[in-house]
Amino acid sequence: MRVTHLSTYHLFGGAAVAANRLHQALAKVGRLNESVESTLLVGTSNRQETHRPAPGVIYLANNFLAEQTAFGRFVAERLYFLPQERDSSVRFQFSPAKFGANLNFHPAIQQADILHLHWINFGFLSIDGLRSLFDLGKPIVWTLHDQWAFTGGCHYSRGCDRFLNHCHHCPYLKKPTEHDLSATVFEQKKQLFGNARVHFTPPSHWLADQGQRSALLHEFPFAVIPYAIDQTIFCPIDRIEANAWFDLPDMGRPRLLFGSANITDSRKGFAYFAEALTLLHQQHPDLKPEILLFGKGRSYLLSELPYPVHHLGLLTTDDDIVAAYNAADALVVPSLEDNLPNTVIEAMACGTPVVGFKTGGIPEMIDHQQNGYLAAIGSSQELANGLLFILTHPNPKTLRQNARHSAETNFSEEVVASQHIDLYQKLMSE
């Protein structure tokens with residue numbers, strides 16, 4: 001059974017990382033019992049990806065001309081949206097899917113028994129390109145990494161629920177109207193899904209619920225299958241070794257970790273983390289944690305934090321990421337909207353408890369006061385209470401063991417790959 005995964009990127013962004021990890025997990029299972037042959041077809045390489053060939057990974061943009069063409073589709077997509085955007089802050093948070101590649105005759109598509117879609121925006125697949133793939137008649141599995149498939153173009157609706165009936169008056173647009181761009185894209189998707197046969201596999205029950213209630217996807221089958229992670233790589237290591245990796249001083253102070261692809265992304269909630277730290281300092285001045293940060297950008301709030309800050313920069317290797325989690329006593333995830341964050345899975349696999357808001361798929365990952373702490377969304381005080389819980393816990397070793405056990409039970413490669421293979425076999429038999 002040949003499965004071809006489609007992803008805009010290979011290792012750039014959480015959705016791409018999740019797609020690649022699933023491909024690797026299936027490849028390992030396939031080598032053991034020959035039940036599945038996995039290929040990952042990537043739309044374009046991020047610049048640092050071009051020197052990282054991997055087994056079973058094929059770049060559509062595999063030479064200079066093809067890379068320029070892929071970049072041209074990305075630019076065309078952004079320029080198409082530019083006159084419509086509310087402001088620059090939403091520039092990459094809405095995808096009209098106007099431009100994309102035609103993949104029907106690519107060998108990886110032709111030879112596949114099953115096509116498995118992941119995050120396919122930014123000029124990789126247009127709505128017309130999706131329709132042409134659907135028309136091939138092959139079984140389609142689509143892992144939802146955000147809400148885009150069932151909205152009029154936004155990746156996260158930020159509280160707007162018009163996708164339940166019909167998108168219009170979109171808050172991402174400069175001139176929201178009854179017949180704006182979101183309404184047009186919604187109608188195009190309505191036609192796209194009219195006769196399609198797609199099985200959706202969101203990684204969280206939260207996203208499944210959103211999709212199943214949406215006007216576009218409510219009649220389609222769903223199966224919740226979480227992300228996979230290689231737990232021989234993401235695992236607990238000695239704290240001294242983790243500190244040495246970043247030249248962190250070993251002063252015995254507890255550390256709280258915050259990380260994001262972009263620290264300044266308001267959806268990731270750094271402002272709430274900063275406010276929680278201020279409250280913690282005011283209410284418990286005897287506690288003296290250090291703060292670890294990773295990701296792109298530097299928030300203006302950094303200078304206002306009441307504790308020492310170590311900025312680890314961009315973490316580009318698995319070794320970097322594993323060391324960061326193991327150097328921390330907890331990961332803090334104050335996201336206002338999120339699916340099933342890779343950071344939470346990675347932290348737990350490393351035995352690091354997590355403090356986060358009760359939003360999206362995060363409550364499905366954290367067992368309150370067992371492997372972390374859940375705070376009411378938007379409450380900096382409850383977030384501060386969660387930090388206090390971690391910093392004053394009488395048995396932090398138990399928290400770490402519980403976190404690792406959760407990862408082993410829910411996110412192991414064997415568990416997740418088996419769930420996908422069962423679904424593929426079911427679709428093939430049908």
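A short reminder: the numbers here are calculations on the coordinates, not readings from a lab. Just so you know, these numbers come straight off a predicted model, no measurement behind them. Every residue, glycine as well, gets a Cβ built from its backbone with ideal geometry; the counts of neighbours run over all protein chains shown.
Tabulated data
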| item | result |
| --- | --- |
| Centre separation in Å (Cα based) which lies between segment 207-242 and segment 104-176 | 18 |
| Listed residues Ala242, Phe411, Phe124: farthest to the positive end of the dipole of the chain (Cβ charges) | Phe124 |
| Area projected by the alpha carbon convex hull of segment 43-190, averaged over all directions, nm² | 9.6 |
| Unit charges on C-beta of K, R, D, E only; dipole of the chain, Debye | 760 |
| Net charge dipole size for segment 342-415 [Lys, Arg +1 and Asp, Glu -1 on Cβ; Debye, nearest 20] | 300 |
| Long pairs among Lys98/Lys426; Lys268/Lys358; Lys189/Lys268; Lys28/Lys397; Lys190/Lys358, criterion Cα-Cα beyond 23 Å | Lys98/Lys426; Lys189/Lys268; Lys28/Lys397; Lys190/Lys358 |
| Dipole axis of the chain (+1 Lys, Arg; -1 Asp, Glu on Cβ), positive-most option in Asn104, Met251, Leu423 | Asn104 |
| At 0.692 mPa s and 37 °C, Stokes diffusion of segment 280-358 via Kirkwood alpha-carbon radius, µm² per second | 236 |
| Cα pair distances exceeding 27 angstrom across segment 300-430, given as percent | 25 |
| 222 nm mean residue ellipticity, helices alone, for the chain (DSSP H n ≥ 4; -39,500 (n - 2.57); rounded to 500) | -11000 deg cm²/dmol |
| Inverse mean reciprocal Cα-Cα distance (Kirkwood Rh) of the chain, Å | 22.4 |
